Amino acid sequence: MAEKRKITSEGVALKQQNTGDSSNSNPGNSYVRIKFVTQENEETYFKVLRDAKLQKAFDAYYRHHKLIKPLTFTFDGLRVNPNLTADDLNLKDGDALDIFGYMSGGGCILFHGSAIP
């Protein structure tokens, strides 16, 4: 099995560990482990407080991967408001947030001075 790095919400590596079934889904636990998955299926794991804003985890992801361009984070196909918490989204251990590069605009293509509908 491939090894995945576990990352805390502060962006500090905890340890290398085999991926597999996580039995840490205790409802009384104040932390939840979430997975960030890119379009290239690269996975990064974060341990976040259930009642902390997800913006902290997003910022840690940017720092960890040394990114400056904006990304879009989605859960179940919907954009995630960074002011929400893991409890607001009912995130459980092992849930995945998908990451997409942000695109703005779209525009139209001009051919010989006229727009194609």
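Results, tabulated for the structure shown:
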{"item": "Condition broken by THR85, with the remaining ones in (1) surrounded by fewer than 15 Cβ atoms within 10 Å (Cβ to Cβ); (2) modelled with pLDDT of 95 or more satisfied", "result": "(1)"}
{"item": "Tally of residues being modelled with pLDDT of 95 or more and surrounded by fewer than 11 Cβ atoms within 10 Å (Cβ to Cβ) across region 23-40", "result": "0"}
{"item": "Residue tally, condition among the acidic types (Asp, Glu) and closer than 13 Å to GLY101 by Cα, over region 35-82", "result": "1"}
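The values are calculated or read from the model by the stated rules, or taken from the named source; none is laboratory data. All figures in this text were calculated on a predicted structure; none of them were measured in a lab. All Cβ positions, glycine included, derive from the backbone under ideal geometry; neighbour counts span all protein chains shown.
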